[in-house]
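No lab work stands behind these numbers, since they all come straight from the coordinates. Being a predicted model, the structure only gives us computed values, none of them experimental. Positions of Cβ are generated from backbone atoms using ideal geometry, with glycine treated the same way; all protein chains shown enter the neighbour counts.
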Amino acid sequence: MENKRFGYKKPKYRMGRALRDYFTGNMWEHTEPAYRIAPHVWNVGGQDDVSVYLLDTGEGLALIDTGYERTLYLVIDRMYSIGFNPRDVKKIFLTHYHGDHSQGARLLQELAGGKEHCEIWLSKEDELMHQETAFDTTPMPCLPYEVTNFYDDDTPIKMGRFTIRTKLCPGHTLGVTSFFFDDTDEETGKTYRCAVHGGMGTGTMYPGSDMGVREHVTPETAFRFVKDCLEMAEWPVDINMSSHLNQTNIDENMPEDTNDYTWFVTDYSWHDMLVNRAEDVMSRYPEQYPDFKWTVPNVE
């Protein structure tokens, strides 16, 4: 049986209890270094929960997600630690509108010179939810930010060395967006197919989920998520850039050399993550999937 390094592991409390308990939760006990995940891509999130990907495009920097407001200092520190300046960020691509991915958007945009110098991208579907929930304080508040650009799945985003294709993937929210691009290592000449699925959290799709009701997620949304995941799982991806570390169990499988992106090159990680999440949803709807059996279970 193949010994697989990466797999989906049930999420723990976000950074221990640091976000839930200001008095006993120690956020600094859950930090991570910046690590290189592709030739020109690093995770600079700085903690063991949500990813913040930095893309060195050769024509300025781009970020995929921004993390929490309370961990923004870690993002900035990690960027400087690998030789980048947050003032050079030109585009912020949000996978979806939830605060754990977007709380830092406005602050990073302002640090980079405002909307005249740094764009914030989101799907139109999630911008509706962003506006609907703009003043909510649960499950987490979000600093106001202005979306300057919307994704168009028929129009790739070109920035320097990267041509980024997007795909709307409703499920976790109605406007989850996934990203696909190639990245070439000039030293070796090898090109790697990279992918970020923007929303693997399945709780919103469980029958009767309160969060799902708030998100306007229906059973039909869940069934589309399953279909999309099983189809996309067959797409060739060399480097799976999970939006949360637990989705590929990276926290327990960090490379010794954080500059060695080849640690993350696999032919199974993308496939297994998507199939696992699809199966988690399928397991909740026995009437829809009467013959369901797990094929890619969680990592214990």
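Per-residue ellipticity at 222 nm from helix content only, as computed over the chain with -39500 (n - 2.57) for each DSSP H run of at least four residues, stands at -6000 deg cm²/dmol.
Computed from the C-beta positions of Asn149 and Ser81, the FRET efficiency with R₀ = 25 Å rounds to 0.30. Determine the percent antiparallel among the DSSP beta bridges restricted to the chain, to the nearest 5. Counting only bridges with both partners in the chain, antiparallel ones make up about 70 percent.
Available extension along the chain between Glu300 and Glu231 is 22.3 nm, counting 0.36 nm per residue and deducting the alpha carbon span.
Taken one residue at a time, the phi angles of region 288-297 give Karplus couplings (6.51, -1.76, 1.60, θ = phi - 60°) of 7, 10, x, 9, 4, 9, 5, 10, 10, x Hz. Gly and Pro are set to x.
Label-to-label distance, Lys12 versus Met254, with points set 7 angstrom from Cα along the beta-carbon direction: 1.2 nm. Computed over the chain, the range of Cα coordinates on each principal axis works out to 52, 47, 46 Å, biggest value leading.
Most tightly packed first, judged by the mean number of other beta-carbon atoms within 10 Å of their residues, the peptides 155-161, 107-113, 48-54, 213-219 read 48-54, 107-113, 213-219, 155-161. For Lys293 and Lys115, the difference between the fully extended length at 0.36 nm per residue and the C-alpha to C-alpha distance is 59.2 nm.
The stretch between Lys158 and Asp185, if pulled fully straight at 0.36 nm per residue, gains 7.9 nm over its current Cα-Cα span.
Taking amide H as placed 1.01 Å from N in the peptide plane, Asn253 has no amide H partner under 5 Å among residues 5 or more places away or on another chain.
Whole angstrom only: what separates the Cα centroid of region 96-155 from the Cα centroid of region 203-278? Region 96-155 and region 203-278 have Cα centres separated by 22 Å. The charge dipole of the chain, taken about its Cα centre with unit charges on the Cβ of Lys, Arg, Asp and Glu (plus for the first two, minus for the last two), comes to roughly 340 debye. For the peptides 60-70, 135-145, the ranking by mean Cβ contacts within 10 Å, running from highest to lowest, is 60-70, 135-145.
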